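Engineer: Quick one: the structure is below, questions incoming.
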Amino acid sequence: MIDRIKKLEEISRKLDPQILQRKEWEQQVISYSNDFLENIENKKAYYHSDPPEILPQEFEINENPSTLPKLIDTIGNSIDQVGINPASGGHMGYIPGGGLYPSALGDYIAAVSNRYAGVFFAAPGAVRLENKLLQWMSRLVGFPDSAVGNLTSGGSISNLIALVTAREAHKLKARNFEKSVIYLSEQAHHSLQKAVRIAGMNEAILRYIPLDEKLRLIPAKLEDQIKADLRSGLIPFFINSSLGTTNTGAIDPVDEISEIAKKYGIWHHIDAAYGGFFKLVTSLDEKFKGVEKADSITLDPHKSLFLPFGTGAVLIKDKKSMLAVHHYLADYMQDTHAVNEEISPADISPELTKHFRGMRLWLPLKLFGLKPFRAALEEKIMLARYFHGEIQKIPDFETGPEPELSVAMFRYVPANGKANELNERLLENIRKDGRIFLSSTSIHGVFWIRVAILIYRTHLKEINLLLEILNKQAAILKDQKSEVSPNG
Ligand SMILES: *Cc1c(COP(=O)(O)O)cnc(C)c1O
């Protein structure tokens with residue numbers, strides 16, 4: 001037996017590379033990341049090609065070890081040069097992106113020491129650090145220190161945690177679900193509808209409250225609907241408002257909605273996954289009026305704090321209900337219960353063992369301080385306004401409303417020609433060019449192109465490049481159109 005153990009040890013020790021090997025690998029990885037970042041402003045934001053039909057050999061898992069340079073080649077060719085490049089300042093398509101460099105270093109440290117950040121007993125320092133970050137967020141949005149928070153993997157899980165906590169707070173049982181009412185707008189993020197299904201509440205009633213011309217939920221209509229629902233014996237329990245819709249950046253009137261929620265005893269959740277950290281820009285305080293009155297709020301550091309993907313947050317005032325849903329005392333974890341001075345992430349989240357996300361968030365905040373974050377966010381807002389103004393100077397373009405945050409919408413509407421089709425073609429041509437990546441949306445059947453500015457690497461240069469591309473592409477479309485159908 002000892003012989004066999006020793007034989008196995010010899011092989012298993014390969015999992016623990018020694019210093020020379022580590023240094024070699026580190027150097028190869030660092031050199032790849034430096035090449036990736038070098039000259040990033042001239043690299044594509046979108047690689048327009050069909051996904052390869054044959055997966056690279058290197059994707060296959062088998063008994064044989066490979067070499068790092070070979071694998072890095074695969075990463076470069078088959079992962080980092082296909083699809084959207086979210087590290088590029090030219091990525092203005094979907095909201096998340098960026099990926100602060102110190103976060104990568106934080107992840108590296110956290111993965112090497114692998115602190116168990118799920119439970120206070122196991123890693124008091126790591127858990128305290130995360131709780132500190134959450135307290136900072138709480139104070140930022142005006143929540144009391146008694147609020148609890150969780151660093152999640154993203155806004156979707158944050159919204160789910162808020163919904164199930166509200167369900168608990170209202171003591172709703174399966175037999176009540178058919179009568180339970182959730183209020184939201186058609187511009188609410190689809191993760192809400194997903195959360196309803198995951199929470200087993202598909203039978204609940206979803207009320208889509210009408211929107212004003214700027215696509216903001218109308219509080220008076222909300223109140224009318226609540227009154228009608230109460231008259232019919234239903235159970236209004238959850239209102240979602242968006243602080244920055246993903247689609248257009250519209251901000252629901254959260255202050256008035258909070259007042260209504262309070263009046264009728266309904267849980268008010270603010271989904272600020274996109275807009276939340278714009279609170280750092282003090283000149284925007286007016287837009288955040290009343291945020292502190294909500295029961296819960298979702299924030300997404302991997303959006304408006306520029307973190308790499310996989311970092312969301314949820315803050316909830318009702319600690320008791322949050323614990324009631326998520327807390328569990330497992331027999332095999334009895335040692336961890338003794339030291340219960342500080343709340344553990346596992347007590348307030350579906351997760352147990354978790355990534356030590358705090359490190360990737362804390363390191364950049366400390367290394368940079370808050371000032372550059374505030375500046376970058378204000379810059380993005382101004383870039384969106386600048387774009388919105390400049391695009392109107394190019395003939396035949398129209399725009400959506402003046403951006404409230406950093407999303408602008410526009411479309412190409414020449415005197416004749418089918419606008420929706422033309423804009424689809426325009427978008428496709430921009431993507432083929434690849435230096436800038438944009439997305440589209442449909443509002444009441446109208447096709448709009450979206451410019452969502454939230455990568456910290458997006459600056460004036462990228463916006464001017466976009467304007468230049470639009471100018472050129474519009475001219476090309478115009479020529480094509482007059483060739484094909486001179487009469488429109
Ligand atoms: C992105 C987004 C979400 C979902 O967050 P993920 O981090 O992608 O899971 C939810 N709500 C809004 C308003 C968003 O913009």
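Engineer: Consider only pairs whose beta carbons are under 8 Å apart and that are at least six residues apart or on different chains; among these, list those whose first residue lies in the stretch 112-136 and is closer than 30 Å to LYS23 by Cα and touching a residue at least 60 places away in the same chain (Cβ under 8 Å) and whose second residue is open to solvent by less than 30 Å² (accessible area, probe 1.4 Å) and basic (Lys, Arg).
Structural biologist: Within 8 Å, the pairs are ALA117/LYS354; ALA117/ARG357.
Engineer: In this structure, is GLY118 assigned to a loop (DSSP other than H, G, I, E, B) and either within 16 Å of the ligand (Cβ to nearest atom) or open to solvent by 10 Å² or more (accessible area, probe 1.4 Å) (or both)?
Structural biologist: Considered against the rule, which asks whether it is assigned to a loop (DSSP other than H, G, I, E, B) and either within 16 Å of the ligand (Cβ to nearest atom) or open to solvent by 10 Å² or more (accessible area, probe 1.4 Å) (or both), GLY118 comes out as no.
Engineer: Within the stretch 374-393, which residues are open to solvent by less than 10 Å² (accessible area, probe 1.4 Å) and within 14 Å of SER304 (Cα to Cα)?
Structural biologist: LEU377, LYS380, ILE381
Engineer: Let me ask something additional. Identify all residues within the stretch 177-199 that are open to solvent by less than 60 Å² (accessible area, probe 1.4 Å) and farther than 25 Å from ASP300 by Cβ; write none if there are none.
Structural biologist: PHE177, SER180, VAL181
Engineer: Residues in the stretch 244-263: is at least one away from the ligand (no atom under 12 Å from the Cβ), among the hydroxyl-bearing types (Ser, Thr, Tyr) and open to solvent by less than 10 Å² (accessible area, probe 1.4 Å)?
Structural biologist: Scanning the stretch 244-263 turns up at least one residue that is away from the ligand (no atom under 12 Å from the Cβ), among the hydroxyl-bearing types (Ser, Thr, Tyr) and open to solvent by less than 10 Å² (accessible area, probe 1.4 Å).
Engineer: In the stretch 401-424, what residues are part of a helix (DSSP H, G or I) and either touching a residue at least 40 places away in the same chain (Cβ under 8 Å) or within 28 Å of ASP252 (Cβ to Cβ) (or both)?
Structural biologist: ASN420, LEU422, ASN423
Engineer: Let me ask something else. Is it the case that the stretch 299-319 has a residue that's part of a helix (DSSP H, G or I) and surrounded by fewer than 24 Cβ atoms within 10 Å (Cβ to Cβ)?
Structural biologist: Yes - at least one qualifying residue is present in the stretch 299-319.
Engineer: Residue under question is LEU211, and the condition is that it be within 16 Å of the ligand (Cβ to nearest atom), hydrophobic (A, V, I, L, M, F, W, C) and more than 17 Å from HIS268 (Cα to Cα); does it hold?
Structural biologist: Spelling it out, LEU211 is indeed within 16 Å of the ligand (Cβ to nearest atom), hydrophobic (A, V, I, L, M, F, W, C) and more than 17 Å from HIS268 (Cα to Cα).
Engineer: Being farther than 19 Å from PHE309 by Cα, in contact with a Phe, Trp or Tyr (Cβ under 8 Å, 6 or more places away or on another chain) and within 16 Å of the ligand (Cβ to nearest atom): is that true of VAL127 here?
Structural biologist: It is false that VAL127 is farther than 19 Å from PHE309 by Cα, in contact with a Phe, Trp or Tyr (Cβ under 8 Å, 6 or more places away or on another chain) and within 16 Å of the ligand (Cβ to nearest atom).
Engineer: Determine, yes or no, whether GLU168 is away from the ligand (no atom under 16 Å from the Cβ) and touching a residue at least 60 places away in the same chain (Cβ under 8 Å).
Structural biologist: yes
Engineer: Sticking with this structure for a sec: If the requirement is being among the basic types (Lys, Arg) and exposed (fewer than 10 other Cβ atoms within 10 Å of the Cβ), which of these qualifies: LYS23, LYS14?
Structural biologist: Of LYS23, LYS14, the one residue that is among the basic types (Lys, Arg) and exposed (fewer than 10 other Cβ atoms within 10 Å of the Cβ) is LYS14.
Engineer: When you scan the stretch 130-164, how many residues do you find that are more than 16 Å from the ligand (Cβ to nearest atom), open to solvent by 10 Å² or more (accessible area, probe 1.4 Å) and hydroxyl-bearing (Ser, Thr, Tyr)?
Structural biologist: Going through the stretch 130-164 one residue at a time, the tally reaches 1.
Engineer: For the stretch 270-293, give me each residue that is more than 14 Å from the ligand (Cβ to nearest atom), outside any helix (DSSP H, G or I) and either under 22 Å from LEU192 (Cβ atoms) or open to solvent by less than 10 Å² (accessible area, probe 1.4 Å) (or both).
Structural biologist: Of everything in the stretch 270-293, those that are more than 14 Å from the ligand (Cβ to nearest atom), outside any helix (DSSP H, G or I) and either under 22 Å from LEU192 (Cβ atoms) or open to solvent by less than 10 Å² (accessible area, probe 1.4 Å) (or both) turn out to be VAL281, GLY290.
Engineer: Looking at (1) in contact with a His (Cβ under 6 Å, 6 or more places away or on another chain); (2) surrounded by fewer than 22 Cβ atoms within 10 Å (Cβ to Cβ); (3) not β-branched (Val, Ile, Thr), which is the one condition that is false for GLU168?
Structural biologist: For GLU168, the failing item is (1).
Engineer: For a quick check of your reading of the model, give me the residue pairs whose first member lies in the stretch 191-206 and is within 15 Å of the ligand (Cβ to nearest atom), whose second is open to solvent by 40 Å² or more (accessible area, probe 1.4 Å), with beta-carbon atoms closer than 8 Å and at least 6 apart or on different chains.
Structural biologist: SER191/SER156; GLN193/LEU206; LYS194/SER156; ALA195/SER156; VAL196/ASN202; VAL196/LEU206
Engineer: Return the total of residues in the stretch 71-99 being within 16 Å of the ligand (Cβ to nearest atom), over 28 Å from GLU60 (Cβ atoms) and open to solvent by less than 60 Å² (accessible area, probe 1.4 Å).
Structural biologist: 7
The values are calculated or read from the model by the stated rules, or taken from the named source; none is laboratory data. Since the model is a prediction, treat every value here as computed from it, not as a measurement. Glycine gets a Cβ as well: all are built from the backbone with ideal geometry, and neighbour counts include every protein chain shown. These area figures cover heavy atoms from the full protein model, side chains too; ligands, DNA and RNA do not enter into them. Shrake-Rupley method; radii C 1.70, N 1.55, O 1.52, S 1.80 Å.
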